[in-house]
Amino acid sequence: QKEVEQDPGPLSVPEGAIVSLNCTYSNSAFQYFMWYRQYSRKGPELLMYTYSSGNKEDGRFTAQVDKSSKYISLFIRDSQPSDSATYLCAMSFRGGYQKVTFGTGTKLQVIP
Amino acid sequence: GAVVSQHPSWVICKSGTSVKIECRSLDFQATTMFWYRQFPKQSLMLMATSNEGSKATYEQGVEKDKFLINHASLTLSTLTVTSAHPEDSSFYICSARDPNSGGSSTDTQYFGPGTRLTVL
């Protein structure tokens, strides 16, 4: 069993739709939870960062962490074609000091 | 957020040659940098942790004599793939922790743009 499970997609939605991306994980020691966006042949770009459980909102993006269920989500409202990318969930034990464990990424396509 | 750069962005080399990839933190000093590898349609996997002034720590299964890491300064870490072979072709990405983060702010790693290595 992988430490972090993420549906690879691809996920196609029409412009303006609400997108829901999810990951599950197995190690309850993870404390820091991130979502990265990666365009083709580029490095990951940090989108959202959450420490422990809870919700965090930033513009059109909302991240949710449910540690009791070992489940994290990213919601994108009013999706745009420019949101088309691969979204990687990621987590770590000690913030930036230690390795980040990534999901396999979900490829999202927003159709105009 | 913090900015991390890599050079080159793309390199092609012949089998048996060595390739050096540079990772720089542009606007902060990084005592720790990380090297990841990403194969097509797979996620990033940590190869090694690079510590300024000391030896790198390699993940299980990563050959330290093949992937040489040097973190000679607080803004530069290099990864040298020695005697590269076609199976080493991959996307290599470095990251660094911004030491100004932590506490309630974003305590995570910032990633470089990656280096695509193709070994013929």
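Each reported figure results from applying straightforward, stated rules to the coordinates on display, with no laboratory input. Note that the structure is predicted; figures quoted are calculated from it, not measured. Note that each Cβ is placed from the backbone with ideal geometry, even for glycine, and that neighbours are counted across all protein chains shown.
Quick notes on this one:
- Set of lysines near B:LYS14 by C-alpha distance (under 22 Å), chain-local residues within fewer than 8 positions excluded: B:LYS64, B:LYS66
- Across peptide B:62-75, the average count of Cβ atoms from other chains found within 10 Å of a residue's Cβ is 0.
- Remark: mean inter-chain Cβ contacts per residue of A:1-9 equal 1, using a 10 Å Cβ-Cβ cutoff to other protein chain atoms.
- Partners for A:LYS56 among aspartates and glutamates (Cα-Cα distance below 20 Å; same-chain residues under 8 apart left out): A:GLU45, A:ASP66, A:ASP78, A:ASP83, B:ASP107
- Among the listed pairs A:LYS2/A:LYS42; A:LYS99/B:LYS55; A:LYS2/A:LYS107; A:LYS2/B:LYS20; A:LYS107/B:LYS55, those with a Cα-Cα distance over 27 Å are A:LYS2/B:LYS20; A:LYS107/B:LYS55.
- Under a model in which nothing but the beta-carbon of Lys, Arg (+1) and Asp, Glu (-1) is charged, chain B shows a dipole of about 260 debye around its Cα centre.
- Dipole-positive endmost among B:CYS23, B:LEU74, B:TYR92 within the range B:1-93 (Cβ charges, Cα centre): B:TYR92
- Each 5 Å bin from 0 upward holds the following percent of the Cα-Cα pairs of the protein assembly as shown: 1, 7, 14, 18, 19, 16, 12, 7, 4, 1, 0.
- Each residue of the range A:76-87 is assigned a 3J(HN,Hα), and the resulting list reads 10, 8, 6, 4, 10, x, 5, 7, 5, 5, 9, 10 Hz, derived from the Karplus form 6.51 cos²θ - 1.76 cosθ + 1.60 (θ = phi - 60°), x at Gly and Pro.
- Counting all C-alpha pairs of chain A, share separated by more than 18 Å (%): 45
- When A:SER92, A:SER73 are sorted by how many other C-beta atoms sit within 10 angstrom of their C-beta, beginning with the fewest, the order is A:SER73, A:SER92.
- The ranking of B:GLU87, A:GLU57 from fewest to most other beta carbons within 10 Å of each one's beta carbon is B:GLU87, A:GLU57.
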